[in-house]
Each structure stands twice: as C-alpha cells, then as structure tokens.
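So the structure is just underneath, and the comments pick up after that.
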Amino acid sequence: MSTDTDTLTGGEPTERERTGNAVVNWMENLSEAAYAYLLLLPAFALLTLVAFYPLLRTFVMSLRADQTRGFEPLGAFVGVENYVDILTGNARLARQFLDVGLTSSFPFVELGTPFFQQALFVTLAFAVISVVLETVIGFGQAYVLDQDFRGRRWVRVAIILPWAVPIVIQGMIFFLMFQPEVGFGTDLMQWFGIFSDAPLANSRDSFIIILVADIWKSSAFMALLILAGLQSVDRSLYDVARVAGASPWQRFKLITLPLVMPALLVAMLFRTMDAMRVFGLIESTAGCTTVPSLTCLVVEAMFGGTRIFATAATVAFTTALVIGIIIGGYVVLFRDTEGGMY
C-alpha cells in the first residue's frame, strides 16, 4: 500500500518516515477524550514536577528522625513515629515545640493539649468562621455593586481597596490599632466590655482581632468572585419573575442563588485553602506564640534555630493532607451542583 511519502519521494519510505506515519495514524484513531488527555499530558507532567514532587519529598522527610547535632539535616528512618508524636504530644515533641516558643495555651482548648492539636483547632476555627462571615459579607457587597446607582464606581473602589493592602501592612495596622499606648481599639473594646487591658497578649482577644483583620481584607476577594457570577445572570429572568408575581426573596432563592452557586463555591474553596495556610497575618499582628496555627508550627520548627526539619516536614504534610480532605469534601458535597465541582 503506497503512502503520501512514496508519492512525494518516488521511493520507499525510510524508517523514520514509517515511524512518523504510524504515530500520525495512531493519533488520528484516538477518541476525542483520549486526544484531549494527550494534549494535556505536558501540563500534567509540569504539575507533577512543580506540585506533587515537593509534596512527596516532604512526606519522605517526615519519615526520618530529627537531627539536632552534626551536619546532616535528617536522622535515621523512623517510619510514622513523627506522626504519632505530633498527634499524641509526647514529651520529646513537646520539648521541641517549647524550644521554639510555642508555649501559650489557647483558651478554646484544655490546658496540656498537644501543640499540634491546639494549632489544628485554631486553624480550623479560623478557616470556618472567617470563610462563613466573608461569604455573607462578600455576597452583600457583590449584591450592592451589581445594582445600577450613581457613584457605584467609587463604592467599588472602597470595597476593593482593602484587598490591595499587603498582609504585613494589614497586620501592622491592626497591631497599632490595638496597642494600648497608641491605638484606639483597646479602649473602644474595653468600653463594650469585650477585651482585656492587653488584647494582643491574650489568645482569645488576639484571635478575634486576627479574624476581624482577615474579614476586613478578604471580603473584597469574595465580593469580586461573587460579583462575576451575579453579572452573568440573564436579567430577563428577573423581569419574567416580576411579571409572575415573585417576591424579592423568591427571586433571590429561585434565580440568583442557584445561578451564582458555582462562582460562590469556587470563591469559598479558594478562601478556605488560603485560610488554612494563615501565617503572615498572625505573625505581623499578635505573633505565633499567642495564636499558633499549623503554618506557624512549620515555620517555627523549620527556622526557629532548633533544626527539627523532620518535625516541620511532618506538620507541613499533615497540613497539606487536611487541606486535601477539605477540598475533597467540597467536591463530594457539591458535585451535583450545576456548573459547579465534579
């Protein structure tokens, strides 16, 4: 059977040409799905190199012992012993975290609770409370921005402006605001009977301050993503609903919310992942010794001068695992949402 190559060259195709023809024929016989995966293969390879290899490397490091002496960064292979240590809070692990200054007991948990469990509780509480409040506030802001009124441009700037503030500057703003000597926040909160004399030295007060600071900044991010969903809704649907006699609540429940839900879920997912990694805001506002998060444990263990790299890797991989479980929960819970996650 002759080929196009035979016609062009006037002779038998070379081995290289036969191989090329075979590859072309194989690609032409692929299904659309298989061809799409083939085109995505370079992206998958790059993702594996950039994302999954560091994660795998972190897991391998977590299976080694801490090496606090000598020049080697890691000790002998110990299996899952480090994971048992951080979950049970044994004496050796507790001393390591005491060395890096994570000694404060968070008031929301009992005294003597292992440091990892304290940090896990703080991180989960911060993520849940902040994401819920930011979603509600961001939805309200987006709904206002979606209306047609005079001065909407300036309102949009005012809402988005906090999102442009760098995290360190954001933390310093709230740090100075609640400094008893220079700020007005402490006196104001004490007038309401909420805060102590030194709120940034109190774990409960600091947690509330950090929550407020994060909501002040990140609600704008939620508003932007939700606004994109609101502006994609066909306005004629509201006209039909008004003619049918639907109330504002019915229009919101039956039209707005279902059509905005995909954008809302994406916004909540991104904010949840970001909240689970909180560190810069805590460190620049109250410090990790007052409000310890999971990332605080990793940073302090890694760079606190104690050379407990294996412990840092263990906490880091566990944090990534918790975030992965949360993402999986989002996918499972909302897999049937039209246009949402699958």
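The values are calculated or read from the model by the stated rules, or taken from the named source; none is laboratory data. On a predicted model such as this, the values are computed, not experimentally measured, just so you know. Neighbour counts are summed over all protein chains in view; Cβ atoms, including those assigned to glycine, are modelled from backbone coordinates with ideal geometry.
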Of the criteria (1) surrounded by 19 or more Cβ atoms within 10 Å (Cβ to Cβ); (2) modelled with pLDDT under 85; (3) of a type outside the set (A, V, I, L, M), which one Gly229 fails: (2)
Across the stretch 164-176, the tally of residues that are crowded, with 16+ Cβ neighbours inside 10 Å and within 18 Å of the chain's Cα centre (by Cα) stands at 1
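Could you tell me whether any residue of the stretch 42-65 is basic (Lys, Arg), surrounded by fewer than 16 Cβ atoms within 10 Å (Cβ to Cβ) and at pLDDT below 80?
Quick first cut of the stretch 42-65, residues basic (Lys, Arg) only: 57, 64.
When the remaining residues are screened for being surrounded by fewer than 16 Cβ atoms within 10 Å (Cβ to Cβ), the result is 57.
Filter again for at pLDDT below 80, leaving none.
Among the residues of the stretch 42-65, not one is basic (Lys, Arg), surrounded by fewer than 16 Cβ atoms within 10 Å (Cβ to Cβ) and at pLDDT below 80, which makes the answer no.
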Find all pairs meeting these conditions: Cβ atoms under 7 angstrom apart; at least six residues apart or on different chains; first residue within the stretch 164-175 and over 14 Å from Ala220 (Cβ atoms); second residue polar (S, T, N, Q). Val168/Ser284; Gly171/Ser284; Gly171/Thr285; Met172/Ser284; Phe174/Thr285; Phe175/Ser284; Phe175/Thr285
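Can you confirm whether the stretch 254-262 contains a residue that is free of Cβ contacts under 8 Å to residues at least 12 places away in the same chain and over 21 Å from Phe59 (Cα atoms)?
yes
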Within the stretch 275-319, of all residues that are small (Gly, Ala, Ser) and over 18 Å from Asp85 (Cβ atoms), the one surrounded by the most Cβ atoms within 10 Å (Cβ to Cβ) is Ser293
